[in-house]
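Chemist: My questions all concern the structure below.
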Amino acid sequence: MAGRILVVDDDRGMCDLLETDLKLRGFQPECFNVPAKAIEALQREPFDVVLTDVRMPGTTGLQLCEQVSQLRPDTPVIVMTAFGTMETAIAALRAGAYDFITKPFEMDLIAAALGRAIQQHRLQEQVRRLSECVDRAAHFGEIIGESPPMQAIYQQLAQLAPTDATVLLTGESGTGKELVARCIHRRSRRASGTFVAVNCSALPEALLESELFGHTKGAYTDARAERRGLFVQADGGTLLLDEVGEMPPSMQVKLLRALEERAVRPVGSEREVPVDVRIIAATNRDLEAAIEAKTFRADFFYRINVIQIEMPPLRSRGSDILLLAQHYVETFAKKMNKAIASVQAPVAQRLMAYNWPGNVRELRNVIERAVALTQVERLGLDDLPEKIRDFDKARVLFGGDDPKELVSLEEVQGRYIAHVLDATGGNQTQAARILGVDRKTLYRKRKE
């Protein structure tokens with residue numbers, strides 16, 4: 001992992017050795033024999049890691065650690081010493097050192113420690129920038145994200161929101177389909193009208209028909225008064241049919257007729273009521289597969305599938321995970337009146353590694369729980385649930401037995417490539433040989 005390394009050692013021969021070897025490994029070292037000169041360089045420009053000897057004339061490595069902690073607190077310091085006692089190690093850690101390496105050492109060990117420290121530094125820098133990024137990332141109301149999949153969603157929303165076209169929102173549970181539906185409504189010419197949502201899987205068919213179309217007094221045993229249905233309540237606005245894939249086929253027929261005729265007939269009534277409603281449907285089911293299984297009507301599918309938006313799973317949205325985490329940290333810290341600013345770098349690393357089968361909804365719940373229970377200003381690993389804290393992405397190549405945890409072939413491939421690269425220390429030539437592809441193919445797959 002390329003990174004800028006500030007090397008401090010009064011032994012010029014050691015500096016030359018480190019500089020030569022680290023350059024060959026892709027690092028960008030800058031060496032100093034005098035600690036004061038190194039501090040001046042650190043004041044002028046940032047480095048990813050400071051690598052320093054302990055025993056030096058004048059300023060010691062431990063004193064240098066303290067100075068770096070004050071000057072650039074997010075920059076990790078790795079201490080090298082030929083005096084590898086427990087007392088020295090404890091003193092280095094108390095002085096703010098990130099890691100401790102005993103001489104003589106192997107350069108592979110130094111390179112591995114630097115790689116970990118660079119990753120820590122860059123994660124911490126990313127976490128530090130999250131607060132300002134959250135404000136900038138909220139392009140569409142409460143929808144947070146800057147990843148390419150979300151940019152594509154924003155482009156679709158900007159084009160379709162002003163129209164009256166029917167929209168079908170698909171994607172896994174917890175990806176934010178209702179949030180997108182509300183966004184479409186707010187940005188449409190119907191924004192001054194009512195947004196109404198109904199969960200089609202929560203009610204049996206008889207009650208769902210009454211809920212959608214309304215009923216007259218005495219239409220059935222408990223119908224003691226006339227009731228307006230949700231279609232009428234949403235007149236001039238937007239109606240979200242959530243979990244539409246769970247709707248019984250017989251109800252799909254009635255709903256299709258209402259959509260085609262733009263009128264509804266309340267249960268028990270002989271007259272139809274005209275309605276002007278924009279329909280947004282949402283489902284986490286594969287409706288085309290349901291059509292083949294004859295549990296979903298093809299004619300109804302084609303009626304609601306005018307414009308389809310596929311919501312991406314959280315695991316495919318990259319650093320959006322951290323943007324959302326920061327957003328929820330700020331939201332719940334304010335709600336609970338707690339002084340919590342962000343997450344620690346190891347937490348960011350675990351959040352990025354986890355698979356998120358419950359998507360954004362699961363992330364929201366995890367952060368809410370962490371904020372409620374934590375006693376520190378930045379969420380630490382102990383604040384995360386065990387399943388996230390101990391998650392090993394490299395080992396969970398095929399998910400579990402729960403269908404919600406199973407992953408796509410593309411993701412299995414991506415995880416295995418990442419696992420091989422980790423195992424080879426980032427050696428792309430060796431990784432390509434193990435994977436049975438050339439370096440260009442490996443580069444393309446990593447980019448994908």
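Chemist: Take the stretch 173-219 and flag every residue that is open to solvent by 40 Å² or more (accessible area, probe 1.4 Å), within 28 Å of the chain's Cα centre (by Cα) and of a type outside the set (S, T, Y).
Modeler: E178, L179, R182, R186, R187, A197, N199, listed by residue number.
Chemist: I'm trying to understand the selection: among the residues of the stretch 303-315, which are over 22 Å from the mean Cα position of the chain (by Cα) and open to solvent by less than 20 Å² (accessible area, probe 1.4 Å)?
Modeler: I304
Chemist: Could you list, in sequence order, all residues of the stretch 225-248 that are more than 16 Å from A282 (Cα to Cα) and touching a residue at least 12 places away in the same chain (Cβ under 8 Å)?
Modeler: Once the filter is applied, which keeps residues that are more than 16 Å from A282 (Cα to Cα) and touching a residue at least 12 places away in the same chain (Cβ under 8 Å), the stretch 225-248 yields E226, R227, R228, G229, L230, F231, V232, Q233, A234, D235, G236, G237.
Chemist: Sticking with this one: For the stretch 20-39, which residues satisfy the criterion of being closer than 20 Å to R72 by Cα, open to solvent by 50 Å² or more (accessible area, probe 1.4 Å) and not aliphatic (A, V, I, L, M)?
Modeler: Q28, E30, K37
Chemist: Name the residue, out of A165, A181, A197, that is modelled with pLDDT of 90 or more, part of a loop (DSSP other than H, G, I, E, B) and under 19 Å from A282 (Cβ atoms).
Modeler: Values: A181 fails: part of a loop (DSSP other than H, G, I, E, B); A197 fails: part of a loop (DSSP other than H, G, I, E, B).
Answer to the selection: A165.
Chemist: Okay, next question. Every residue in the stretch 427-448 that is assigned to a helix (DSSP H, G or I) and in contact with a Gly (Cβ under 9 Å, 6 or more places away or on another chain), please.
Modeler: Passing the criteria: K445, R446.
Chemist: Contact list please: Cβ distance under 6 Å, first residue in the stretch 360-388 and at positive phi, second residue surrounded by fewer than 14 Cβ atoms within 10 Å (Cβ to Cβ) and assigned to a helix (DSSP H, G or I), pairs at least six apart or on different chains.
Modeler: none
Chemist: Next question, about the same structure. Out of the residues in the stretch 316-343 that are open to solvent by 50 Å² or more (accessible area, probe 1.4 Å), within 23 Å of the chain's Cα centre (by Cα) and among the charged types (D, E, K, R), which is nearest to A152 (Cα to Cα)?
Modeler: Looking at the filtered set, the residue picked out is E330.
Chemist: Here's a follow-up. Is there a residue in the stretch 83-96 that is within 17 Å of L114 (Cβ to Cβ), surrounded by 17 or more Cβ atoms within 10 Å (Cβ to Cβ), touching a residue at least 40 places away in the same chain (Cβ under 8 Å) and not basic (K, R)?
Modeler: no
Chemist: Tell me the residue from C65, C15 that is part of a helix (DSSP H, G or I), in contact with a strand residue (DSSP E or B) (Cβ under 6 Å, 6 or more places away or on another chain) and over 24 Å from R122 (Cβ atoms), please.
Modeler: Checking each option against the conditions leaves just C15.
Chemist: Here's something else I'd like to know. Of the conditions (1) assigned to a loop (DSSP other than H, G, I, E, B); (2) within 36 Å of the chain's Cα centre (by Cα); (3) surrounded by fewer than 22 Cβ atoms within 10 Å (Cβ to Cβ), L42 satisfies every one except a single condition; which number is it?
Modeler: All conditions are met except number (1).
Chemist: Of everything in the stretch 344-374, what is under 14 Å from the mean Cα position of the chain (by Cα), closer than 26 Å to Y98 by Cα and open to solvent by 10 Å² or more (accessible area, probe 1.4 Å)? Give them in sequence order.
Modeler: Result: Q349, R350, M352, A353, Y354.
Chemist: Considering only the stretch 256-263, I want to know if a residue exists there that is open to solvent by 10 Å² or more (accessible area, probe 1.4 Å), part of a strand (DSSP E or B) and among the acidic types (D, E).
Modeler: No, that holds for no residue.
Chemist: Condition test on V79, is it under 24 Å from A2 (Cα atoms) and either open to solvent by 70 Å² or more (accessible area, probe 1.4 Å) or assigned to a strand (DSSP E or B) (or both)?
Modeler: yes
Chemist: Give me the pairs: first residue in the stretch 2-19 and without any contact (Cβ under 8 Å) to a residue 24 or more places away in the chain and surrounded by fewer than 16 Cβ atoms within 10 Å (Cβ to Cβ), second residue of a type outside the set (S, T, Y) and in a loop (DSSP other than H, G, I, E, B), beta-carbon distance under 7 Å, and six or more apart or on different chains, which are they?
Modeler: As it stands, the answer is R12/N33, since those pairs meet every condition given.
Chemist: Still on this structure, please answer the following. So how many residues does the stretch 45-57 have that are open to solvent by less than 40 Å² (accessible area, probe 1.4 Å), within 23 Å of G115 (Cα to Cα) and in a loop (DSSP other than H, G, I, E, B)?
Modeler: 3
The values are calculated or read from the model by the stated rules, or taken from the named source; none is laboratory data. Computed from a predicted model, the values in this text were never measured in an experiment. Here the Cβ is made from the backbone with ideal geometry for all residues, glycine too, and neighbour counts use every protein chain on show. SASA here: full protein model, heavy atoms, side chains in, ligands and nucleic acids out. Shrake-Rupley method; radii C 1.70, N 1.55, O 1.52, S 1.80 Å.
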